[in-house]
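Take a look at the structure below.
The values are calculated or read from the model by the stated rules, or taken from the named source; none is laboratory data. All figures in this text were calculated on a predicted structure; none of them were measured in a lab. Cβ: placed from backbone, ideal geometry, glycine included. Neighbour counts: every protein chain shown.
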Amino acid sequence: MNLTLKVWRQKNSADKGKFETYEVSDISPDMSFLEMFDVLNEQLVNESRDPIHFDHDCREGICGMCSMYINGKPHGPKDAITTCQLHMRSFKDGDTIVVEPWRAKAFPVLKDLVVDRSSFDRIIQAGGYISVNTGGVPDANEIPIRKDIANEAMDAAQCIGCGACVAACKNASAMLFVSAKVSQLALLPQGQVERKSRVENMIAQMDGEGFGACTNTGACEAVCPKEISISNIARMNREYFSAKVSSQKV
Amino acid sequence: MNLNSKIPEGPIAEKWTKHKFNMKLVNPANKRKYDIIVVGSGLAGASASASFAELGYNVKCFCFQDSPRRAHSIAAQGGINAAKNYQNDGDSIYRLFYDTVKGGDYRSREANVHRLAEVSVNIIDQCVAQGVPFAREYGGLLDNRSFGGAQVSRTFYARGQTGQQLLLGAYSALSRQIANGKVKMYARTEMLDLVLVEGKARGIVTRNLVTGKIESHSAHAVVLATGGYGNVFFLSTNAMGSNCTAAWRAHKKGALFGNPCFTQIHPTCIPVSGDHQSKLTLMSESLRNDGRVWVPKVAKPKLTAKEATKIPEEERDYYLERKYPSFGNLVPRDVASRNAKMVCDEGRGVGNTGLAVFLDFADAIKRDGKDVIEAKYGNLFDMYKQITGDNPYEMPMMIYPAVHYTMGGLWVDYNLMTNIPGLYAIGEANFSDHGANRLGASALMQGLADGYFVIPYTIGDYLATMPYTKVDTDHEAFREVESKLKAKLDKLMSIKGKQTVDDFHKALGKIMWEYCGMSRNEEGLKLAKGKIQALKKEFWEDVKVLGSQDELNMSLEKANRVADFIELGELMIDDALHRSESCGGHFREESQTGEGEAKRKDDEFSFVSAWEYKGENQAEELHKEELVFENVKLTQRSYK
Ligand SMILES: Cc1cc2nc3c(=O)[nH]c(=O)nc-3n(C[C@H](O)[C@H](O)[C@H](O)COP(=O)(O)OP(=O)(O)OC[C@H]3O[C@@H](n4cnc5c(N)ncnc54)[C@H](O)[C@@H]3O)c2cc1C
Ligand code: FES
């Protein structure tokens, strides 16, 4: 098929950036969206034009690196997949496709479609862990966990940290991302000791990074490639209030 | 060169315990006087960095992705082995050790493998304590499955995302140390060379991938945890960025490269669909527990999966079940892969390209019901449908082998140190534990064993002998490496040729797959060597890299990596040529049994090949580390 692409080009974080239009032809429906970009980039390099920069690595929907805002939706038109899992059979011959980077104050654009998501790392550093050192831990089966609880923790733990939730949210809120980690660790017995300080510290870091507030529009859940549930946000809010009530820091 | 593996004396089960006692220790108050560089933040690198920092060392950790959480380890699906014997089915440390040595076709070091099996049990404890949500049974205890044809259930898993959950566990421990200020993390930063001072590894030179800035980092020891080099084949199941640059440049600084030709080809991957293909997707090995592999008895060109459902039973050849009645579809990876190639070479392959075989679930669905199959493999079936457009509940999957893992890597001794003092290699980057073939669910185990439980001990033994004094990055050794590196980058930018970096990478991949893939022979390998040498020459005359050095420039990043892949490719060919036996994933057509199975030549080849770089366009020198088997008796593997 033949397609028209309008792609955001921005030389670096200081540049203002603009859309540019490209034509690609003979695109096979079996190609992935990123393979279509590979074809375009080969074409550009052959014409001695700068290739479009975009993040990607695993190309199987698990590393969370790919991040394209396609036709107004993070990761494109299909639910529950990442950009790298999107295939061209989801488009029609003659389509025009608009591709932009994630847009959020806390995710500055580095170049073209590449953004800086280190704010997510800093939120995890603020408390997204259980403080155990290597060695000296009990036998794994000494901590029995109910199967349904383990499953619920796993549902939350599946987050790939891609940032689609932030990109979809009109407030650029990171609540779905943060709540997924808070929920996972709050559900598990191992996470109890630091339960209160964890949620407080992670939320403080999130606010400090410049992510917006949550107004419950649910846009995050709708675009999450791993279908992380918005009920995690409700859980995090409960965790946060109960931590605040009992905290010395209030 | 004196190749000393430093295997401790004594009975196999006591070596590690004794060695831990005999090693020198660094006083707790002095640990903060030592700096360690860890390149890589996958399972091996993240676990090592966190563990070093917890002990008190100062760590600098590097990765080329935008976050340490995205290392290629994240993609592992199936699971991680450990000899816990929670299932009471007869597993033990000794059995895991034995299975791994045998599975590796007797080309690994007994002492290393035994240690791996010993510490495997600690890994699971550690991960659970970190909050890794492994699958559980109704009683709340951990669940296990049998994986990759193992006769016991020793594989721990977290749905189809075990690698992700283990990596996020290690990443959380790493994040905690970053917050504590004990680890300084450098994301989007690529190591491009190693710096030696007085023969010891004392630092690295990196390129900041966003700004292009070349920087030097100095330390008392350098640990490479940079993963495998499967992308030498262009198409593989590895992540797009996985590369050999760190290991290769260390090799060119004197580190020996062990068994470079040992590559694992995974039997169950989604076949190539066209020239646009950029990578291959693995379908978990667990599928072979229920799926039956077949092709038509008589060639039926371009047979589709839909048409296949109408082919009667008597016209199907379930070739694995026919040839290996006791293991059937569960034969080890190398055997399954080679047989798929054989039936396709006979012209009986299916699909558009003829390079595919069927993996059929119709019988399993009839036997157990769709619900049961969906509960076990639902996410894999969805993934398959997503990629191919075919629904595997209604028709068979098509699969074909693909490059998946590299058993070869930097040569290391028992302490995981290379022959360069102070330079270590852990995880997939080293050659150490899997011999000529890796068992399923053992790479995750090895990465975490190395990082959490081996190197935190062994590095102390080395550091205890080192003065605290730091080497300044103004030292001439750093200056020299930096200026050579800059010249190399200038050269790459200045060629301004006609072919793209991908053109070269694809050409290399074709040569490697054709002549150094699932089956190899002397004539082909010799031909391939010439082709690669020509490709290398062409690359340095005609590659086209746009943009500039001082910005985010992914073509330049790739050009650097492909330049190294080409050189490593040549060494793989040399190694495959020299090893005229078949073993594990290395199948030399000249060395097979009457029935077409791999035939080892133990008298001639019971050694590790360790190659020494001798200079630009010079033949590398082969060193041999003899393998001594005191515990496991060598037999020809048989899965009949
Ligand atoms: C699809 C797939 C499924 C798998 N499933 C399983 C499984 O079920 N069970 C199992 O046991 N194994 C499995 N494996 C194998 C296993 O995942 C890997 O062998 C293992 O994760 C490698 O870990 P590592 O830490 O050594 O390296 P990696 O995870 O590859 O990490 C390499 C790190 O090094 C960094 N790096 C590399 N070069 C540089 C450089 N020059 N400068 C700076 N940083 C650099 C990268 O950024 C990265 O952080 C699977 C592999 C694949 C491809
Ligand atoms: S590239 Fe890894 S999730 Fe898309």
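Residues B:Gly149, B:Gly131, B:Gly169: which one is more than 30 Å from B:Glu9 (Cβ to Cβ), surrounded by 22 or more Cβ atoms within 10 Å (Cβ to Cβ), at pLDDT 95 or above and more than 8 Å from chain A (Cβ to nearest Cβ)?
B:Gly169
Looking only at region B:238-265, how many residues end up being in a loop (DSSP other than H, G, I, E, B), of a type outside the set (Gly, Ala, Ser) and crowded, with 24+ Cβ neighbours inside 10 Å?
So the answer is 8.
Across region A:139-167, which residue is nearest to A:Gly76 (Cα to Cα) among those that are at the interface with chain B (Cβ under 7 Å from one of its Cβ atoms) and assigned to a loop (DSSP other than H, G, I, E, B)?
Among them, the one singled out is A:Gly161.
Is it the case, given these coordinates, that B:Thr206 is out of contact with any helix residue (DSSP H, G or I) (no Cβ under 9 Å at 6 or more places or on another chain) and not assigned by TED's automatic domain parsing to the domain that holds B:Leu287?
yes
On the basis of being touching an Asp or Glu at 6+ places or on another chain (Cβ under 9 Å) and modelled with pLDDT under 95, does B:Asp290 make the cut?
Spelling it out, B:Asp290 is indeed touching an Asp or Glu at 6+ places or on another chain (Cβ under 9 Å) and modelled with pLDDT under 95.
Here are the criteria: (1) more than 8 Å from chain B (Cβ to nearest Cβ); (2) among the aromatic types (Phe, Trp, Tyr); (3) under 23 Å from B:Ile123 (Cα atoms). Tell me which single one A:Tyr129 does not satisfy.
(1)
Select from region A:168-185 the residues that are in a loop (DSSP other than H, G, I, E, B) and either surrounded by 24 or more Cβ atoms within 10 Å (Cβ to Cβ) or within 16 Å of ligand 1 (Cβ to nearest atom) (or both) and list them in ascending order.
Listed by number, the residues that qualify are A:Cys169, A:Ser173, A:Ala174.
Does A:Met31 satisfy the criteria of being crowded, with 21+ Cβ neighbours inside 10 Å and more than 16 Å from ligand 1 (Cβ to nearest atom)?
Yes, satisfied.
Where in region B:323-433 are the helices (runs of 4 or more DSSP H), entirely inside, with at least 1 residues that are in contact with a Pro (Cβ under 6 Å, 6 or more places away or on another chain)?
Those helices (runs of 4 or more DSSP H) span B:333-345, B:370-388.
Kindly indicate whether B:Ala82 is under 17 Å from B:Ala441 (Cα atoms) and more than 9 Å from ligand 1 (Cβ to nearest atom).
yes
Only one of A:Cys84, A:Cys66, A:Cys159 is crowded, with 21+ Cβ neighbours inside 10 Å, of a type in the set (A, V, I, L, M, F, W, C), within 16 Å of ligand 2 (Cβ to nearest atom) and outside the structural domain of A:Lys18 (by TED's automatic domain parsing); which?
Selected residue: A:Cys159, the only one of A:Cys84, A:Cys66, A:Cys159 that is crowded, with 21+ Cβ neighbours inside 10 Å, of a type in the set (A, V, I, L, M, F, W, C), within 16 Å of ligand 2 (Cβ to nearest atom) and outside the structural domain of A:Lys18 (by TED's automatic domain parsing).
Here's a check for you: in region A:47-75, which residue that is away from ligand 1 (no atom under 16 Å from the Cβ) and at the interface with chain B (Cβ under 7 Å from one of its Cβ atoms) is farthest from B:Ser555 (Cα to Cα)?
Within region A:47-75, the match that is farthest from B:Ser555 (Cα to Cα) is A:Ser48.
Name the residues in region B:595-637 that are among the aliphatic types (A, V, I, L, M) and more than 24 Å from B:Ser5 (Cβ to Cβ), would you?
Once the filter is applied, which keeps residues that are among the aliphatic types (A, V, I, L, M) and more than 24 Å from B:Ser5 (Cβ to Cβ), region B:595-637 yields B:Ala598, B:Ala619.
Are there any pairs, at least 6 apart or on different chains, whose C-beta atoms fall under 6 Å, with the first in region B:30-52 and buried (at least 24 other Cβ atoms within 10 Å of the Cβ) and the second of a type in the set (Asp, Glu), and if so, which?
B:Ala44/B:Asp450
Only one residue in B:Thr281, B:Thr268 is within 16 Å of ligand 2 (Cβ to nearest atom), touching a helix residue (DSSP H, G or I) at 6+ places or on another chain (Cβ under 8 Å) and touching a residue at least 40 places away in the same chain (Cβ under 8 Å), so which one is that?
None of the others qualify; the one that does is B:Thr281.
Out of the residues in region A:216-231 meeting the condition of being under 19 Å from A:Asn151 (Cβ atoms) and away from chain B (no Cβ under 14 Å), tell me which one is nearest to ligand 2 (Cβ to nearest atom).
It comes out as A:Cys224.
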